[in-house]
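> Here it is: the structure, laid out below.
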Amino acid sequence: MARLMSSTELAQRLEEDRENLILSDVRDPNEFSKEHIPGAINIPLEKLGEKAKDFKKSQRIVVYGETHTDEASNKAAEMLEQMGFRKVSDFDGGVYAWKQAGYLTTETESN
């Protein structure tokens, strides 16, 4: 089972070890474009299996959704572990917890 990661730990990892971390927002692309954690990439749950083939097994992968009750990140973490990834974390609380902890979100610029 994937370990849960707090907002404080995520912020620290993003600052200290960004190149070895994949931060995946598993929400709908429309939600992602409105706001997401800086540095995140959007890989909706239904596309994660296909996209994860490009990830390195040595990288830490952190997945997140909208809130603590959002099951998408839990399902994403399980899927990645079944694919053989061992450094998988589920960011507990998603975008909601990130903002509640005082961290900023960003939006995708539209063309």
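> Excluding Phe32 itself, what net charge comes from residues whose Cβ is under 11 Å from its Cβ, given Lys and Arg +1 and Asp and Glu -1?
-4
> Excluding Ile41 itself, calculate the net charge of residues whose Cβ lies under 12 Å from the Cβ of Ile41, where each Lys or Arg counts +1 and each Asp or Glu counts -1.
Combined, the nearby Lys, Arg, Asp and Glu give +1.
> Looking only at region 41-82, which residues have a backbone nitrogen under 20 Å from a spot 7 Å from the Cα of Leu4 in the C-beta direction?
Within reach of a label on Leu4: 61-81.
> While we're looking at this one, here's another question. Is there a pair in Lys51/Lys75; Lys34/Lys87; Lys53/Lys87; Lys47/Lys87 whose C-alpha atoms are over 24 Å apart, and which pairs would that be?
Lys34/Lys87
> Label 7 Å along Cα→Cβ of Gln100; region 1-45 residues with amide nitrogen under 12 Å?
Label zone hits: 7.
> Something else: How large is Rg over Rh for region 32-77, taking Rg from the Cα atoms and Rh as the Kirkwood inverse mean of 1/r across Cα pairs?
That ratio equals 0.94.
> What does the charge add up to near Arg86, with Lys and Arg as +1, Asp and Glu as -1, over the other residues with Cβ less than 10 Å from its Cβ?
+2
> Find the accessible area per residue for the chain; the probe is 1.4 Å, ligands and nucleic acids are left out, and the unit is Å².
Result: 59 Å² of accessible area for each residue.
> Let me know the charge dipole size of the chain about its Cα centre in debye, to the nearest 20, where only the beta-carbon of Lys, Arg (+1) and Asp, Glu (-1) is charged.
So the magnitude is around 440 debye.
> Could you give log10 I(q)/I(0) at q = 0.10, 0.17, 0.20 Å⁻¹ for the chain, computed by the Debye formula over C-alpha point scatterers of equal weight, without solvent?
Taking Cα atoms of the chain as identical point scatterers yields -0.24, -0.73, -1.03.
The values are calculated or read from the model by the stated rules, or taken from the named source; none is laboratory data. Every value quoted in this text rests on a predicted model; they were computed, and no experiment measured them. Glycine gets a Cβ as well: all are built from the backbone with ideal geometry, and neighbour counts include every protein chain shown. Only protein heavy atoms, including side chains, enter the accessible area calculation; ligands, DNA and RNA are left aside. Shrake-Rupley method; radii C 1.70, N 1.55, O 1.52, S 1.80 Å.
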